[in-house]
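Here's the structure, in structure tokens; my notes come after.
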Amino acid sequence: MNDKLNKILDHYHSLEEKLSSSQLQSNPEEFGKTAKEKSDMEELVKKIKRYFIVEKNLDENKEIIKSDDTELKEIAQSEL
């Protein structure tokens, strides 16, 4: 699943790069189409980035739970 999400992020970043190119800026029709596609993806991209943050936090908490530090374990378990 992460591969698919990363592909979406990559495509979004390629749209950003495309929008900053001088060639695209000289083609208003293509510029508008690309800007709309990027705009349509913005909410999805925010959610994907949030997903990766949550996934990272979960992984970190799982590692803490495996550790010998009792206080950190309790904190991590309460966050899960």
Count - residues of the stretch 48-61 that are charged (D, E, K, R) and open to solvent by less than 80 Å² (accessible area, probe 1.4 Å): 1
If you check every pair at least six apart or on different chains, which have Cβ atoms under 8 Å apart with a residue in the stretch 10-35 that is without any contact (Cβ under 8 Å) to a residue 12 or more places away in the chain first and a residue that is among the acidic types (Asp, Glu) and open to solvent by less than 70 Å² (accessible area, probe 1.4 Å) second? 24/30
Do we have residue 36 as basic (Lys, Arg), modelled with pLDDT under 90 and part of a helix (DSSP H, G or I) here? no
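One line per residue, one yes/no per condition, for (1) at pLDDT below 85; (2) surrounded by 12 or more Cβ atoms within 10 Å (Cβ to Cβ):
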residue: 6; (1), (2): no, yes
residue: 12; (1), (2): no, yes
residue: 19; (1), (2): no, yes
residue: 30; (1), (2): no, yes
residue: 40; (1), (2): no, no
residue: 43; (1), (2): no, no
residue: 46; (1), (2): no, no
residue: 63; (1), (2): yes, no
residue: 76; (1), (2): yes, yes
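The values are calculated or read from the model by the stated rules, or taken from the named source; none is laboratory data. Computed from a predicted structure; not experimentally measured. Counting neighbours? That spans all protein chains shown, and the Cβs are built from the backbone with ideal geometry, glycine included. Heavy atoms of the whole protein, side chains included, go into the accessibility calculation; ligands, DNA and RNA do not. Shrake-Rupley method; radii C 1.70, N 1.55, O 1.52, S 1.80 Å.
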